[in-house]
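J.: Here you go, one structure.
The values are calculated or read from the model by the stated rules, or taken from the named source; none is laboratory data. Predicted model, so just to flag it, every value in this text is computed and none were measured. No Cβ is skipped: glycine too gets one built from the backbone with ideal geometry, and neighbour counts run over all protein chains shown.
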Amino acid sequence: MAETEPNDPHGWGMLMAAAQGGAPAPYRRLLAELRPWLLRYFTRRLPPSSVEDAVQETLIAIHAKRHTYDPARPFGPWLAGIARYKWIDRLRSAARHAADALPESLSTPDHGTAVTSATALAGLMATLKPDQAEVIRLVKIEGLSIEDASRRTGQSPALVKVNIHRGLARLAKYLESNVDVD
């Protein structure tokens, strides 16, 4: 038989019929013998990272659907049908979670300037009183309104404005006194 309809050299149909009758040993043997066939089936159709999961899902589906197998019919097409549906499920799942390929011309910018700036800003903010630094960060850096900063800090809107004004003045004075002139 073709690969999509596995041969039944070990009497898989008879093993399944015995399993349907409640015999556990033939059922364990059947599942153990189906595993290599399923590995070959999925290895040819799926990325390596998905093969084992597909095999396990198929074995679970065989277990869940074992009552649907008709011992009067060939076992191969029944098995191949379940494996095919699990393969299609995997393809659909991969399509839903597929990431866009990154272009090869994608460059990674140097973040050195941003890191240096963030470090310098953190140093400057450390020279301020904590209430001043907090409202400057909220309003001037994060873009919150005076009212939102007031609600978040518990300061009145007028105090937020005063702390921003005084903090910026303190920063300007600090920078003027610490500027390196070459």
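J.: Those residues that are in contact with a helix residue (DSSP H, G or I) (Cβ under 7 Å, 6 or more places away or on another chain), of a type in the set (S, T, N, Q) and within 21 Å of residue 11 (Cβ to Cβ), I need them from region 37-70; list them, please.
T.: Within region 37-70, just 58 meets the criteria.
J.: Which residue out of 171, 175 is surrounded by 12 or more Cβ atoms within 10 Å (Cβ to Cβ) and modelled with pLDDT under 90?
T.: On inspection, the qualifying residue turns out to be 171.
J.: Taking region 28-43 as the region of interest, how many residues are without any contact (Cβ under 8 Å) to a residue 24 or more places away in the chain and of a type outside the set (Asp, Glu)?
T.: 7
J.: Given (1) hydrophobic (A, V, I, L, M, F, W, C); (2) crowded, with 16+ Cβ neighbours inside 10 Å; (3) part of a helix (DSSP H, G or I), where does residue 128 come up short, assuming only one miss?
T.: Tallying (1) hydrophobic (A, V, I, L, M, F, W, C); (2) crowded, with 16+ Cβ neighbours inside 10 Å; (3) part of a helix (DSSP H, G or I), residue 128 fails exactly one: (3).
J.: In region 72-99, which residues are among the small types (Gly, Ala, Ser) and either exposed (fewer than 15 other Cβ atoms within 10 Å of the Cβ) or free of Cβ contacts under 8 Å to residues at least 24 places away in the same chain (or both)?
T.: Residues satisfying the conditions are 72, 81, 93, 94, 95, 98, 99.
J.: Can you work out which of the residues in region 143-182 that are touching a residue at least 12 places away in the same chain (Cβ under 8 Å) and polar (S, T, N, Q) is nearest to residue 121 (Cα to Cα)?
T.: 163
J.: For region 109-142, give me the residue count where each residue is of a type in the set (A, V, I, L, M), without any contact (Cβ under 8 Å) to a residue 40 or more places away in the chain and closer than 15 Å to residue 165 by Cα.
T.: 7
J.: Hey, among the residues in region 131-163 that are surrounded by 15 or more Cβ atoms within 10 Å (Cβ to Cβ) and basic (Lys, Arg), which one's farthest from residue 176 (Cα to Cα)?
T.: 161
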